[in-house]
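A quick write-up on the structure given underneath.
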Amino acid sequence: MEARRTDVLRDSPRMFDSDLLDKLSRVHPAVPVVIFAPAIAVLFGLAAGRVSGLGFLGLVAGGYAFWTLSEYWIHRVIFHFEPEEGFGARLHWIIHGVHHDHPNDPLRLVMPPSVSVPLSSLFVLAFYAVLGPPLFLPFAGGFLAGYLLYDMTHYHLHHHKPRTWIGRRLRELHMRHHFQDHTTGFGISAPYWDRFFGTFSRIAERDKPAAEPR
């Protein structure tokens, strides 16, 4: 029975009748690294020498913090907007519902480049419009680094067994989101936003494990 349940959680169905579109909906977890790591390096490289050292670090940290906040609200508001029928229901299933139905499919755990590249480009353009050059460069690099960390963390939590205390805690919180209460636990790589916005799992709070001894 457990083996059958594992198979169901892993084997997500086709999303599209088109073989090409369905293939594009399945992404190897290395793809975000191949795409975004060079982009982050370019942004940081272009900022080098044009922004002071402290300014660079502050903007990178600001971009990362802005990503974590975006991660929380995108997951909470967009991914969990769940119309009951019609096109909206179909769109929700494509965007996020399939992941909740089949959370162990390794090829549907990171965002497809057909979505992540245009969306991240819009964010970078917005940073350019608000901050201007060269300040937008390290801010955008920090933002994209946060996104890449999120994607890799999400994959890790589903397909590995974290050995560190923080890794196990992040996995526990995310699995509670999947299997106990999907109205809590929207911050995957940054669960502190759940505490700030009042969506931290009450069960996880009650059962909070003790930190490992040093």
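Miscellaneous remarks
- When ILE35, ILE40 are screened for being of a type in the set (Val, Ile, Thr), at pLDDT 95 or above and open to solvent by 50 Å² or more (accessible area, probe 1.4 Å), only ILE35 passes.
- The set of residues from the stretch 176-205 being part of a helix (DSSP H, G or I) and open to solvent by 40 Å² or more (accessible area, probe 1.4 Å) comprises PHE179, TYR192, TRP193, ARG195, PHE196, PHE197, ARG202, ILE203, GLU205.
- Boolean, ILE95 is at pLDDT 85 or above, aliphatic (A, V, I, L, M), assigned to a helix (DSSP H, G or I) and open to solvent by 40 Å² or more (accessible area, probe 1.4 Å): no
- In the set (1) within 24 Å of ILE203 (Cβ to Cβ); (2) in contact (Cβ under 8 Å) with a residue 40 or more places away in the chain; (3) part of a helix (DSSP H, G or I); (4) not β-branched (Val, Ile, Thr), the condition left unmet by LEU157 is number (2).
- Filtered residues of the stretch 40-71 (kept if of a type in the set (Gly, Ala, Ser) and part of a helix (DSSP H, G or I)): ALA41, GLY45, ALA47, GLY53, GLY55, GLY58, ALA61, GLY62, GLY63, ALA65, SER70
- Sole residue being touching a Lys or Arg at 6+ places or on another chain (Cβ under 9 Å) and closer than 27 Å to ALA48 by Cβ, chosen from LEU137, LEU157, LEU125: LEU137
The values are calculated or read from the model by the stated rules, or taken from the named source; none is laboratory data. Source: prediction; values computed, not measured. We place every Cβ from the backbone using ideal geometry, glycine too, and count neighbours over all the protein chains shown. Please note that ligands, DNA and RNA were not included when accessible areas were found on the heavy atoms of the full protein model with its side chains. Shrake-Rupley method; radii C 1.70, N 1.55, O 1.52, S 1.80 Å.
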